[in-house]
Amino acid sequence: MEIKKSVVLGICAVAIVGIGYAVYWDYLRQTDPEFRRKLKKNKKKAAKARRAAAEETKVKTADFLRKAVEQVGSESFPTDVAAKEKYFMEQVAKGESLFAVGESGYHDAALCFYKALKVYPNPVELIMIYQKTIPEAVFTLVYEMMSIEVKKKQAEYFENFPPKEMNVKVQEVNQISTSDDLVRRALISTKDFEPGDVIFVEHPIASALDPSLEGNEFCSYCLKELNGAKFVDESDLFGAIYCSESCKDKAMTEYETLLFTTRDDSPSSKEARLKDSVKSGKVKYPLMIARFLAKMVHEETQKVATGIEEEYSTWDHIERLRFLSVNPSDKESKEIKLMRDLFETKVPGMEEFISEERYLMLKGKLLYNAYGIHTDHNIKENLEETVRSSQPNVIGAGFYRVASYLAHSCSPNTEVRFPDNNNVLSIVATKPIKAGEELRISYIRVGDRNCSNRRNELETKWRFNCTCTKCLEETGEVDTTA
Ligand SMILES: C[S@@+](CC[C@H](N)C(=O)[O-])C[C@H]1O[C@@H](n2cnc3c(N)ncnc32)[C@H](O)[C@@H]1O
């Protein structure tokens, strides 16, 4: 009883002292300006210390993430399936035991999960698994490492692309007196060339024959004249004809199987509708867009199947290309619907990827950068007015990663050729070229037309005011290009 009483009294005494102290404190706060000033200062100091600690953690984390991405980037990873599996299991187990320790293990745990991603065949799927299974703070760190890696790769794009053996690099140069942006990207030679030298050779990302020529004299894949050869795939609803077994196989694997082989061969099927729209509309770009999208799907499935990834995807390549905006109209809405309907049953999620904005951008890039593919074959028919070409006998169009950067000149130093009469493009020097010089082709037929006539055509078709040396000389304008 005595003990209890003294405990109670003790508690009361402490409480009273506590209350008294609080009252005294409050009194001071309200009445003593010096005390209030000190209090405010201490509060500010504590907040500053908290902010500094948070900033320090942020800087340390950023530093850790940057170094981790660099370190992993220079590491080599197992390549055979069994070794990959073993490495993956080890990293995941290590990561799990590290995050179980608590916050102090989060950085190292994230590093293990990031490394595991490097050997997993389907990284996107693994990210989704991580999101559900590892602590949010660790997931955020892994995600940030991936973002740093992607940004670094994108920033280094023009250091790695085009590949050295193509003898060209992309460089930014100042633009003069145009209504266009102030900076344009130019294709610069990295070697000296003499007239007639082939500077580089390039295969298209996507190409297509003019619809009126599809199914008779030319190969649907490489656009070469058939000369009696005729290879077809019975399951192909598009009815494409190829010049060789190899072209047929490539077309079937890259896009044709995905796009045009189905059990539904009724006239109302999605495949038949795309085929009809190309033939009746007499335009090749919807087919080129469909082939381009199918090739992207093929690239992704190959990546998962083989575990081998190209440094840059097709999408990375076309992202940087210039384009003219295409305004949405009924025609475009129909095209988008057609494309979405076609892909929706074939590739889950693809119909969402083909948003209006993305489709119009893709169409704009294709129309702005594609080349007319000409041949020795004499084309008598009056074909659709085509994309960039200064030559007659155009049979189709192709969309190329590197040649897209070539600027126009009315007095060019190179020319686009298709020496094998197929879609493989060669850029050939037509004048002596020194390393460091810009390569230019002619987008139009120049002949003996005057500057204003040429400029009008370029302005109408490409929406730029030509500032090539020939035009500048003819008009007396000054070239201030850096
Ligand atoms: C097909 S792109 C060529 C690559 C482009 N220079 C870039 O920056 O990506 C065509 C664009 O290049 C520029 N260009 C090409 N030739 C030109 C010329 N002779 N005069 C002015 N601008 C030109 C214009 O901005 C035009 O819109």
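The values are calculated or read from the model by the stated rules, or taken from the named source; none is laboratory data. What you see is a predicted model, and the numbers here were worked out from it, not measured in a lab. Every residue, glycine among them, receives a Cβ derived from its backbone with ideal geometry; neighbour counts consider all protein chains shown. Protein only, heavy atoms only, side chains kept; ligands, DNA and RNA dropped before computing areas. Shrake-Rupley method; radii C 1.70, N 1.55, O 1.52, S 1.80 Å.
Worth pointing out:
- Val304 being in contact (Cβ under 8 Å) with a residue 40 or more places away in the chain, in a helix (DSSP H, G or I) and touching an Asp or Glu at 6+ places or on another chain (Cβ under 9 Å): yes
- Residue within the range 60-73 that is outside the structural domain of Lys303 (by TED's automatic domain parsing), open to solvent by 60 Å² or more (accessible area, probe 1.4 Å) and closer than 24 Å to Gln302 by Cβ present: yes
- Members of the range 409-420 that are surrounded by 20 or more Cβ atoms within 10 Å (Cβ to Cβ) and within 24 Å of Leu223 (Cβ to Cβ): Pro412, Thr414, Val416, Phe418
- Glu245 free of Cβ contacts under 8 Å to residues at least 12 places away in the same chain and open to solvent by 30 Å² or more (accessible area, probe 1.4 Å): no
- Yes/no for Lys230 being touching a Phe, Trp or Tyr at 6+ places or on another chain (Cβ under 9 Å), without any contact (Cβ under 8 Å) to a residue 60 or more places away in the chain, within 16 Å of the ligand (Cβ to nearest atom) and open to solvent by 20 Å² or more (accessible area, probe 1.4 Å): no
- Sole residue being among the charged types (D, E, K, R), within 14 Å of the ligand (Cβ to nearest atom) and open to solvent by 30 Å² or more (accessible area, probe 1.4 Å), chosen from Arg401, Arg445, Arg449: Arg401
- Any hit, the range 355-370, residues being out of contact with any strand residue (DSSP E or B) (no Cβ under 7 Å at 6 or more places or on another chain), away from the ligand (no atom under 16 Å from the Cβ) and in contact (Cβ under 8 Å) with a residue 40 or more places away in the chain: yes
- Residues in the range 422-436 that are touching a strand residue (DSSP E or B) at 6+ places or on another chain (Cβ under 6 Å), within 15 Å of Cys222 (Cβ to Cβ) and not hydrophobic (A, V, I, L, M, F, W, C): Asn423, Ser426.
- For the range 282-304, filtering for residues that are of a type outside the set (D, E, K, R) and in contact with a Pro (Cβ under 8 Å, 6 or more places away or on another chain) leaves 3.
- Filter result (assigned to a loop (DSSP other than H, G, I, E, B) and open to solvent by 20 Å² or more (accessible area, probe 1.4 Å)) within the range 211-227: Gly215, Asn216, Glu217, Tyr221, Lys224, Asn227
- Residue within the range 455-467 that is more than 15 Å from the ligand (Cβ to nearest atom), among the β-branched types (Val, Ile, Thr) and not in a loop (DSSP other than H, G, I, E, B) present: no
- Long-range neighbours under 6 Å by Cβ, at least six apart or interchain, first residue in the same structural domain as Pro123 (by TED's automatic domain parsing) within the range 79-96, second among the aliphatic types (A, V, I, L, M) and modelled with pLDDT of 95 or more: Phe88/Ala116; Gln91/Ala116; Val92/Ala116; Gly95/Ala109
- Selection count where residues are within 16 Å of the ligand (Cβ to nearest atom) and open to solvent by less than 30 Å² (accessible area, probe 1.4 Å), scope the range 421-440: 3
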